Every structure is written in structure tokens, then in C-alpha cells.
Protein chains: 4
Amino acid sequence: MNSFGHLLRVTTFGESHGPAIGCVVDGCPPGLELAPEEFVADLQRRATGTSRHVSQRREADEVEILSGMYQGRTTGTPIALLVRNTDARSKDYDAIGEQFRPAHADYTYWQKYGIRDPRGGGRSSARETTMRVAAGVIAKKWLAQHFGILVRGHLSQLGEVLPEGFDWEAVEANAFFWPWSAQVPALEAYMDALRKSGDSVGARVRVVARGVPPGWGEPVYGKLDGDLAAALMSINAVKGVEIGDGFDAVAQKGSVHRDEMTPGGFLSNHAGGVLGGISSGQDVIASIALKPTSSLRIPGRGVDVRGEAVEVVTTGRHDPCVGIRATPIAEAMVALVLMDHALRHRAQCGDVGEVHPKIPGHAS
Amino acid sequence: MNSFGHLLRVTTFGESHGPAIGCVVDGCPPGLELAPEEFVADLQRRATGTSRHVSQRREADEVEILSGMYQGRTTGTPIALLVRNTDARSKDYDAIGEQFRPAHADYTYWQKYGIRDPRGGGRSSARETTMRVAAGVIAKKWLAQHFGILVRGHLSQLGEVLPEGFDWEAVEANAFFWPWSAQVPALEAYMDALRKSGDSVGARVRVVARGVPPGWGEPVYGKLDGDLAAALMSINAVKGVEIGDGFDAVAQKGSVHRDEMTPGGFLSNHAGGVLGGISSGQDVIASIALKPTSSLRIPGRGVDVRGEAVEVVTTGRHDPCVGIRATPIAEAMVALVLMDHALRHRAQCGDVGEVHPKIPGHAS
Amino acid sequence: MNSFGHLLRVTTFGESHGPAIGCVVDGCPPGLELAPEEFVADLQRRATGTSRHVSQRREADEVEILSGMYQGRTTGTPIALLVRNTDARSKDYDAIGEQFRPAHADYTYWQKYGIRDPRGGGRSSARETTMRVAAGVIAKKWLAQHFGILVRGHLSQLGEVLPEGFDWEAVEANAFFWPWSAQVPALEAYMDALRKSGDSVGARVRVVARGVPPGWGEPVYGKLDGDLAAALMSINAVKGVEIGDGFDAVAQKGSVHRDEMTPGGFLSNHAGGVLGGISSGQDVIASIALKPTSSLRIPGRGVDVRGEAVEVVTTGRHDPCVGIRATPIAEAMVALVLMDHALRHRAQCGDVGEVHPKIPGHAS
Amino acid sequence: MNSFGHLLRVTTFGESHGPAIGCVVDGCPPGLELAPEEFVADLQRRATGTSRHVSQRREADEVEILSGMYQGRTTGTPIALLVRNTDARSKDYDAIGEQFRPAHADYTYWQKYGIRDPRGGGRSSARETTMRVAAGVIAKKWLAQHFGILVRGHLSQLGEVLPEGFDWEAVEANAFFWPWSAQVPALEAYMDALRKSGDSVGARVRVVARGVPPGWGEPVYGKLDGDLAAALMSINAVKGVEIGDGFDAVAQKGSVHRDEMTPGGFLSNHAGGVLGGISSGQDVIASIALKPTSSLRIPGRGVDVRGEAVEVVTTGRHDPCVGIRATPIAEAMVALVLMDHALRHRAQCGDVGEVHPKIPGHAS
């Protein structure tokens, strides 16, 4: 299944080393202005080859809008986006065509389909996430225009390193989406040493959506947090999803966790902006855990298609920490889920919620 | 949206204090033997009123099978299950009809729909999970019969308390689904003190599915772990979901996290049985974080439907730790997702995977 | 698959001779007043046992609303409706448990599922349509309140008999939903003779929805006419669906068929109110062909579960013309499709259409 | 909504005069051999510019396979197909940018979206059906390989002209898909006169699928005939759908209509191969009514975007009978629905049906 979303429906296609990757965004309301240039910034944020800390594959990632537009505006018909692959080096993968790399999708795709495209990971490659980011550009713009919503993310942990401070301004000023500038040189040294060792490390990314109105989400099986969990868990290498305090809530007392409300606003935001699966008007906050890259220069034990033992050494171009580039991807998924729910809410409830007293979402 | 699953599709309905709750299980293959008695055990495990550590509401939870059966077997047509509500005490909630309790779905349902059923939390009550457990009984039985799969869960953290040992035998022998019997008296004392204080606490539940064949899951937007995340996050009070090592993977090195493979089997199971969104044949392992119950006897600040400040004290009958009864619910959701994916895999891939060499899933 | 609709989603369950039939209506907007009494009229129109021209099974068809309501209004949560079966005579079917009646679903259910409930046709019985009519009551009311839409139907052919005049007033004044009172005695004689002969006959039903605003329908695979076709073809015994002129359009010239438009309105309605899959503002008109009942007292050749020849004579209680009772069912399906599309249109397009000049839908 | 199918899911995109049209075919089982050349024949059958009796637009219709293949075989991942538009003449449409042509989707798209692409009909153009035919090539091949199913169609009425004989061999030997060669010169003269007059005419197309096993179809809302009705009604210009005898069944007696069964086979096929929404093993037969083309050189009354009266004369290149080219499109839709149901049946019922005695499907 290569589609997600209910009313805003995104379908992606393409393999890492195939001729192209693309997506179809169906259900976008008519009238949104959109130009190919608007995709450049976010795709660049996700791109490989932009610093020495990420994979060195260099793709132009030029988006061609194939449909759904007339005179610079969306028409309500499906928007197809296409990106040609230009820097695929399939010969790097010849050696592993019959081998299953440990902790990779190689083995499971083979077991499922009985056939797989081994070039660059085929469909399981993070290359696919390019199209999530592209689709996310549309959602971000629509949410900003219609509700003033701002969706942004940052790295909140790199290996064992935690931020020592927080400043949104810092996030876009370094290659790590790190929220504290003073730590950047240390992170660079950390990554250089890691790359030299041939090993990799995990990361944590946090996304915050500011300005989400109360009322979005469809209990009990289309909850906002449930859909966020599915969307975020579907990103390559993600092993965990938290809303608000997440796993920290396990050891909390109810008297601490509950976000009290006053006419002046909520007094805290442990819930991460979702109660009963519906947005509360506070910031919607989600965090994800990304595992360390599985493609290592350090030899590992694997098996081949005949079930025999092999020693696997992954050459090719890889990220020593896939989590770094995951920030724009996670933002995109959050934005797409929110836009889908904006439409779903409008369908069932119209503007009914807007007449009720709303509690300001501060303290989030 | 009150349905989930793609080929095995479960729709639930009903409110906490309405006349009944129920579900429709659509897509179950024909020929499965099923009797009303088979629902008793799991519903009892989820039930309130079974120990002093959970809510004291006492419901018979008698399941009536309304359709989809002939001479004791499923026929392939939709199976409707009905449970009448018998111990609803709606007057307990009179006081809060116009108040929004902090950290409850009260406020968000009101904002979304402009109307809500305040009796016992209405649709947002954990009462709805009765039907998840009932539907899960069907999935567990089918998975066991067709694949020998065993889905079971346990509490893996209660507040700040962690298990000091692990024994599956212990789990069903205490009111907490706790895997280490020696700690049970201490847990009872902990809960007694908590109940006396009027406060509540969070919990963590872990579910393990043994025997899942490799190949289940539909990348990239119907991944097994993505669907598990959605299903588990949709359970009341859940704030986080992990697959395998989950958030521990953040600080791991790739050389540690990757599960090496030999002809004799996997050497570890950090991945939790899922690679690239497809089952690997190892145990599928998922954990969830449950927030502390929001209904407390300790007064909290809230607002009412006019936006004015109120002090909220929750009487009624509540669990001091909702996580305790979440174990059978989480098991049910995992089983339902697995059965759905068993059918989805059969649809697209038939038995293609079965001819390939499989790596034993031990060391999980 | 026992659900239909995209945003207004109806799931039905139950067999002809099981304990109950029911449905879950999910996605209905909050705030709609609804009482059990409101289901009586339409269920009575569909009911058996109301005249000598239909099956003599007598069911109370009392609707219990199990969920989704608070203080007489819908809350936005799923509405479950239940009807107990009370007049099932399963012994009538003992003889045919191992036989496949010609032109019945007996053989195909057996081939599909390997098991079937033979009592009264099981799931394939027209009894299931009771719940379509019940769900349709909700849709009709909502469409009338929000858009002033009126959905009504009539028999437009009975065997070879065609109406000799047309009067909406007449339709509800006879047992045949026939639009011309003067013909009713002749129809009664026709049916009496048919019943005596042990044979059956087909019928045609026409449904007209007045007041549908322009803009509903989602090209190209959620077209209004496409969804109507699916909904109407899913009714028992339906073999054909037409929109507007339908098959008469085959022999028409374009200069005749095209509905010209003037500022004063459309000049004709050959299209049946749908252009390019989207409503035009004219009356939406659909017709269906219903085959003659297959259950006959006249012996017919069939086979049994062992593949051997049998002579089948159907006793039990049957309609000599199933098409007669199909009128309220067809109305219900049209209403449910329209309400679904009202919500879908609101989701994607908001109120954008309402600012454009609209052409009156007269001449329809 | 621009996707259809449940397990075999086709999403199309693109406008008549945009840069390209395309589709994504998701859910195709792995292992199917497929080459770009295999699309040529069916696309050519659907193409414009192939005879003087159809639109003179000449498109290369070269299919590029963008994804889902490895070494000439499908891999189970989504198959994206792209066709560039090369012969779009948008200036032909300048005049009608602000006019609504009678019986066209112009007015309804405008009402729905508030914006439309007027060039060549935009999304509502029959150009979109190119991708249905392309997707259908995959389904036809898969059905033939796995079940020996043959899906083919023919024109069964052109205006008031009916076939005077029937021969499948004749169908592909003339530009009309007409099943009787002797009538071809008369049809050519008929079309020449029609084209000269500036008028258009309707048509009827019939599709027959031979070799469909019993058991496909999911009652009661995923019936095989219901899904066929939706798929066929979604084709441009279609106003009616029949299964088997269709509207002829209205005037039939039950004793005539019912297809009796003997151990040697069915004795007739009035049902068109579907009973209770499930295939019977007989030929699946569907017919569609296509309205006459709305684009005429004969002036017609329309309105413009300001609601004022205009006289519309359609220049540009159009088919005087759109029904002629509809044959391969209808075949494609039937094939896609059948393949979807093959997968759905395998999911729920596995191979359960295959052990039962089957009645030969002859006499169909």
C-alpha cells in the first residue's frame, strides 16, 4: 500500500535507482498558488550531498508538476510531482544482490515478494522520502494560509548528546537542525569521528505544530495522535513515536501530568496538544526515535539467498546518522496528517466548533 | 471514523452509559469455530471490578453474537457482537455535565462536535475497549490455528517500578499482569497508597507476538510497524509506541543495534521483528506508554462551557492506573493488526514467500 | 465488504433468520434530531406482510438506537441501529439446505465461502435491505434540513406494464408505488394472476432527487453517477442502472441529448442531473432494473452440494415481484450517496461553489 | 477521488493539455513480466487519429514505466506509467474559456471548484482514459496467465443500428469494433454523413469476460456487479450499465430469467455470470450506454461565467461517436475490477472454493 491520508491522499512511487520517483497528491482544495520553485527549499533541507555529515549522493531533486494546476493555481484535480533520479550508482550494489545485509529490508522484501530490486535499497530506500517532503510543501503552505499553522522540527538528540539550550533560530543555521548553536562544533567532531570509525548512531527528532485549532481528529480510529503515529512510524528507520511527554508519562503522577485549564489558557502541555484523539488548540508535539543506519563499513554477519552465511561490508554512499535528514521528513508527515484532518473536520463538523469559547493554547 | 483494519475490518460503536456497546468484525475468513464462551476469559482480564486496584464498575460483559455464524462456524459474512451496559451510574456525572475536566476529552469533544455525552466520558470512555478485546479474541484464535502465533502482553513498568525478573507464567497469576511474582506485594502496597492519596500513575505495557512468519507488512504506507503504531496509539491514554528497542535505539551504535543473521538464526532482536515495515520472522515486540488517569479526587483547575474557571473534583469510579487493564487491550490490537496483515499478504503475494530459506527467529 | 460510503459510512450486518439485523452509521454530523419513531414510516413502506402482493413474512421492524445520541440529538459518534428478527421460519428451508436453487446466491456463496447459512437466504436475503432503509431515513432527514432536498421514487414499470400517466400524489396511495391511480386495479389483477401461476416478474424503479445543489461528485473515480451506480447495483435483484435517459441515449443525436442552458435555466434534463460526474443543480434521476424473483413454485432444474441434479420447488414466503418493495430501498441508497457527497464536497471545496452564478434546475 | 480498486489500486492523473498523463498501479503481485511494448496494441485501439471516424488528435501514447519493475518483472511495489502529451492544441479552446458548453462538464467543474482548466476539457477529457487502458493491460495479462481469463468487448449498437450477426473475429478487423463485417460499409457511410452534419450519436458497448472462476465478489457492498457498475459508469459519457440481460429482465418472467443448472452446466446465462454479487463461473457480461458526444459544430445555447447567454459552437477535434473508442476502455475497467476481486477473494477465502464441485459455465 503506497498511499496514505483519507481526504488528502498521497501516493508515492519509485525506487532508489529507477528512472524517477514521484507522487500524486489527491484531494488538495482548489485555488492554492503553487510553483516549482517552492519545492526547492525543503527538498534541499532533506537532500544528500549537502554536508560531509550525510550521504554524498548528489541529486538535483528538480520537481516537475505534471498535473492539477492551471495558471499557477491548483484546480482540485490530482497534483502529480515527478523527480528524475540522476546520480544512481547501481554498480556499488552488485556485490550485495544476493546477500541480505543485517538490519536491512533486504531479507524481508525477499521473503515477502520473492523478488527485490537490490540497487540502492530499491523501494525501501530513504530516497522515497523525497516525495513526502515534496507533498509536505503543499500541506505546509495550505495550513499556513488557511489557519496560520507553522510546522517545524529539530533534532532533539544525536546519539547520547542532548541539547543544552533551545532556540528555533539556531535550527536552520546548522547542518544538524540542532537547536543550540554552541554545540555545533562538538557535533561536527562527533560525526567526523563516527564516520571515520565506520559506525553509525541513532537520533531523536521533535516536531511542533503551532496554531492548530481545537477539534481536529476523529475518534476512535481516526484519532489525530493515532494518524500521526502511523505517519511517523512509516518513515524509514523510525522505531518509536511519542505525543507530548510520551514515555515520560509512565512515571508521572496524574496530578502532575494533567494540563490544568484556566480562562487565560492551559497551564502546561504534557499532552502534546491532543486529548481523546482530538486537538486541544495547544501546540501539537510529536517526537520520533530513529535507529542507527544499518549500512556500515564494519563487517557484519548476514546470509545470502541460499541461506548460507556471508560477511557483509556495505560500501556505497550512506548517512552515518539517518536521523539528521529526518527533520524535514517528519515535518512533512505531520503537515500532511494535519491538512488531512482539517478537511475531515470540515466535512463532518463544518464550522460548528468556532462558536464555542476557546482556551488560548499558551504554555505549550 | 470508527473502523480500523483493511481486510479484517472492525467497527465499534457505543458509549459508556448508553444502552449497549458493540462491534462488527468484517472480513473474517469462513470456517472458524466460535462460541460466546470464548470471549469470557479475555473480557474478564480487561474487566473493571475484578480487584481493588481497578475501577469498581461491575459489568457482566456478556457477548451476544448477532450474525456471521452458522452451526458454530463463521460464514465469511460480518460478525456482530453486542454487550449490554448494565452498571452505568450516570448521576455520578451530573455535576460535570457543563465542566471540562483537565486532561480529559471533555473539552476537545465539545470543541469538535458542539455537543457531547458527558455520562461516563461517553464515547471517549475506556468502556469502548471492551469491544476491541472481544474482536481480538477472534483474531487471536485465527492466528493460533493458522500459524501457531501466540500474542501475549504484560505490564513492563508501573510508575517508576520496573520488573526485577521475567517469567511469562507469573503474568496471569496477579492482578497487574506483572512478570515477577516476588514484587506483587510491593505493587499492591504501592497501589493502595496511591488510591488513598487520590492520585494516579502511568504505566508501560509490552506485547510480544511469537510465531509471526516473515513477509507480513505492506511498505511504504501499510507497514506492519506503522499499522501497529496507529492501532496502539488509538488506545485510551496511550502517549507513546515503540517497536523493539524503540527510543533506546537513539543512543545505540549501528554495530550494536543491527541484528546479525546466521544460518542458525538471528543473533539478537533489537528491531522487534520488523525490518523495512515487514515482519522478519522474529518475535514482533511493541511497547506502549500510558499516561496516568486524569480523573482524580485531588481538585484541579478547569473551565466550563461558558469559559469560566471551575474547580474539578472527579468522583465516580476510576482506575488509579489505567495501564493495568491495558494489557489485554494492547494484545487485542496487535492480534487484529497481524490478522489483517495475514490476509493482505495472502492477497498480494499468495504463498510466494514460503519457498525461500527462512532464518529461525530465535534469540528474540 | 459490508460497508459503503466514504465519509458517511454505513456498515450492515445480519442474516435473514439470525437473531437480529443491524447497521452502524458512521460520520453523521452532530446535532441532528432523531427518534425511533422516525424510522417507522419508511420501514413500513419496505416491509413484507403489508399487502397480498408481497411476501407474507411479518416483522415488527422495531428500530432500537444503540448509540450516537444524547438528549435526542446525534453527537457525531457512530449511530448503531438494531432490529430483532421475530418471524423467521427456518424449517421452511430444511429441504433446500443442500440444494442450489437456480438463479439464487446459494451456489455462489457456497463456491466462495465453502459454507453458507441456507435459512431464508442468509446474508443474501433482501432482509438486509431493512437496514439500508433505516440508514436512509437519517440521510433523507439531514438532506432535507440542510439543503431542502427531496428524494422520492416510484415503480416505473411492472413486467411489461408502463404508467399511463404521472402523479407523485398517487405513488404513496397504492401498494405498488405506482404513479397512476387508474391503473391500480389492473395491476392488482395482474399480480393475482401471477401469484396463482407460481411465477414472478421483473420491475423498474425510478428515483428523483430534487434540490441537489451543483458541484457534488468527485471525478474521476468518485463521480456522483459512479457511486449511485454502485449503490443501486448492490441492491438485491438489480441488473441495470441508468442515469437520466440511460440506454435511450444510445440512439439519440447529440443535438437532441445535450441539455441547453439559458440564464433562465436548463431547457431539458436528458443527463439526469449529472455532468462529468458532478451534479448540475437539476433533478438527479436514476432508474434501476430488477429481475424477477428466483424463488418460484414452478419446479426448476438445480444441482446439490454433491453436484447432482435436483428438481427445486421453492416453498417459503416470497415476493412475486421483488421490484415492488425496492422503491424505498432505492430511495435510501440515493439519499445515502447524496449525503456522503455533500460531506465530501464540503471537505474539499468548502463553500466555494456558492458564489458562482447558478442556473436554475427547472425543466427537469 | 482519483483512485479506484481495493487491493489492486489504480490512481490516474493528468489533464488533456497538461504536460503528461499517468497512473500508479498499486498492489500488483510480484513476478509478472511486463515490457513497454505490451501497452502499444491496446493504446492503439483506444487512440484518436486512427481512422476518419474518430478525433484527429494524434498522440504517440508512448508508455514509460517509471517504477515497480526489476529485470523485466514486477516486484510488488507500485508501478507508475507515464505518457507525455504531444499534440495538444490549446488555442482551439481560447474561445470557450469563459463559456459553458451544453452537456459538458464545464459548468459543473466550475460550480464545484470555482476554477477549471478549459484546455481540451482538462481533467474531464477522455484523454484520461488512456491510463485506464494502460493499467488494464496489466490486469488482462495477469488474469490470462493465472486463470486463463479472456476479457474482450465489442460495439453492440451504433445509434439505432444493431448487429445483424455475431463473430468475434470480425470485431478487431474494423474501426468500429463491430461484430459483423458485412455491415461495416454501411456504418462508414452512416458516420460520414453524421460527421458532415456536425452532429453526433450514442453507442452501446458489451464486454464479455470468459473464464472467471466462481466465487469472486464481496457481498453486500463489494459485490462484483456493484463494482463493475461503478467502474463502467465512471467512463466518460456512460449513462447506463447492465449486467447480463439488464433492463430486458424487467419484462421477463422468473421462469424464463432463472438460469437452470444441471451437472453438465448452466442452461442459459441471463444473469451475466453474477448471482448475489458473486461470480458463478459463467461468462461475466456487462453492457454500457454511451451518450452522443456533446461537442458539436451545430450551434447550441449555453451560458458564460457571468451567467449570460452565449451561442456555443465547438471547433477543436472531436469524436462524432465517443462510444466507438470506448470498447478497449470498458474492457480495461472490467479487467481491473476482476483482478482486484481475484486478490480480494484470495485474501478472505484462500483456495476454499476449489474443492467444491463446479458447474461448467457453458451456455453463456
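The values are calculated or read from the model by the stated rules, or taken from the named source; none is laboratory data. In this text, all values refer to a predicted model and were calculated from it rather than measured experimentally. Every residue, glycine among them, receives a Cβ derived from its backbone with ideal geometry; neighbour counts consider all protein chains shown. The accessibility values were calculated without ligands, DNA or RNA, using every heavy atom of the protein model including side chains. Shrake-Rupley method; radii C 1.70, N 1.55, O 1.52, S 1.80 Å.
Computed quantities for the displayed model
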{"quantity": "Qualifying residue in region A:290-297 (condition: open to solvent by less than 10 Å² (accessible area, probe 1.4 Å), out of contact with any Lys or Arg (no Cβ under 9 Å at 6 or more places or on another chain) and facing another protein chain (nearest Cβ under 7 Å))", "calculated": "no"}
{"quantity": "Given (1) among the acidic types (Asp, Glu); (2) surrounded by fewer than 21 Cβ atoms within 10 Å (Cβ to Cβ); (3) facing another protein chain (nearest Cβ under 7 Å), index of the condition A:Asp192 fails", "calculated": "(3)"}
{"quantity": "Residue within region A:94-101 that is buried (at least 23 other Cβ atoms within 10 Å of the Cβ), at pLDDT 95 or above and not in a helix (DSSP H, G or I) present", "calculated": "no"}
{"quantity": "C:Gly148 among the small types (Gly, Ala, Ser) and crowded, with 21+ Cβ neighbours inside 10 Å", "calculated": "no"}
{"quantity": "Which numbered condition A:Ala175 misses (of (1) part of a loop (DSSP other than H, G, I, E, B); (2) modelled with pLDDT of 95 or more; (3) surrounded by fewer than 24 Cβ atoms within 10 Å (Cβ to Cβ))", "calculated": "(2)"}
{"quantity": "Condition met for B:Gly307 (of a type outside the set (Val, Ile, Thr), farther than 14 Å from A:Arg101 by Cα and under 26 Å from the mean Cα position of the chain (by Cα))", "calculated": "no"}
{"quantity": "Criterion violated by D:Glu164 - all others in (1) outside any helix (DSSP H, G or I); (2) in contact (Cβ under 8 Å) with a residue 60 or more places away in the chain; (3) of a type outside the set (A, V, I, L, M, F, W, C); (4) surrounded by fewer than 22 Cβ atoms within 10 Å (Cβ to Cβ) satisfied", "calculated": "(2)"}
{"quantity": "First in region D:139-160 and within 14 Å of chain C (Cβ to nearest Cβ), second anywhere and in a helix (DSSP H, G or I), Cβ under 6 Å, 6 or more apart", "calculated": "D:Gln157/C:Val250; D:Gly159/C:Ala251; D:Glu160/C:Ala251"}
{"quantity": "Check on D:Gly316, part of a loop (DSSP other than H, G, I, E, B) and either within 25 Å of the chain's Cα centre (by Cα) or modelled with pLDDT of 95 or more (or both)", "calculated": "yes"}
{"quantity": "Search result, residues across region D:35-89 that are among the hydroxyl-bearing types (Ser, Thr, Tyr) and more than 10 Å from every other protein chain (Cβ to nearest Cβ)", "calculated": "D:Thr48, D:Thr50, D:Ser51, D:Ser55, D:Thr86"}
{"quantity": "Unmet criterion (only one of (1) within 18 Å of D:Phe266 (Cα to Cα); (2) modelled with pLDDT under 90) for C:Glu311", "calculated": "(2)"}
{"quantity": "Selection within region C:15-56 - open to solvent by 10 Å² or more (accessible area, probe 1.4 Å) and not in a loop (DSSP other than H, G, I, E, B)", "calculated": "C:Asp26, C:Glu33, C:Pro36, C:Glu37, C:Glu38, C:Val40, C:Ala41, C:Asp42, C:Gln44, C:Arg45"}
{"quantity": "Tally of residues being modelled with pLDDT under 75, in a helix (DSSP H, G or I) and surrounded by 19 or more Cβ atoms within 10 Å (Cβ to Cβ) across region B:319-364", "calculated": "2"}
{"quantity": "Residue satisfying condition, being without any contact (Cβ under 8 Å) to a residue 24 or more places away in the chain, within 11 Å of chain B (Cβ to nearest Cβ), polar (S, T, N, Q) and over 30 Å from A:Ala144 (Cβ atoms), within set A:Gln111, A:Gln99", "calculated": "A:Gln111"}
{"quantity": "Single condition C:Ala251 does not satisfy, out of (1) surrounded by fewer than 22 Cβ atoms within 10 Å (Cβ to Cβ); (2) farther than 19 Å from D:Leu290 by Cα", "calculated": "(2)"}
{"quantity": "Check on A:Gln183, in contact with a strand residue (DSSP E or B) (Cβ under 9 Å, 6 or more places away or on another chain), more than 8 Å from every other protein chain (Cβ to nearest Cβ) and not hydrophobic (A, V, I, L, M, F, W, C)", "calculated": "yes"}
{"quantity": "Flag if A:Ala230 is within 30 Å of B:Glu308 (Cβ to Cβ), facing chain B (nearest Cβ under 7 Å) and touching a residue at least 12 places away in the same chain (Cβ under 8 Å)", "calculated": "no"}
{"quantity": "Options C:Gly246, C:Gly265; residue that is facing another protein chain (nearest Cβ under 7 Å) and open to solvent by less than 10 Å² (accessible area, probe 1.4 Å)", "calculated": "C:Gly246"}
{"quantity": "Failed item, numbered, when A:Val284 is tested on (1) of a type outside the set (D, E, K, R); (2) more than 7 Å from chain B (Cβ to nearest Cβ); (3) on the phi > 0 side of the Ramachandran plot; (4) under 18 Å from the mean Cα position of the chain (by Cα)", "calculated": "(3)"}
{"quantity": "Helices (runs of 4 or more DSSP H) (entirely within region D:178-268) containing at least 1 residues that are farther than 29 Å from D:His146 by Cβ, modelled with pLDDT of 95 or more and over 20 Å from the mean Cα position of the chain (by Cα)", "calculated": "D:184-197, D:254-257"}
{"quantity": "Subset of region C:298-309 [open to solvent by 10 Å² or more (accessible area, probe 1.4 Å), over 19 Å from C:Ile115 (Cβ atoms) and within 9 Å of chain D (Cβ to nearest Cβ)]", "calculated": "C:Ile298, C:Arg301, C:Glu308, C:Ala309"}
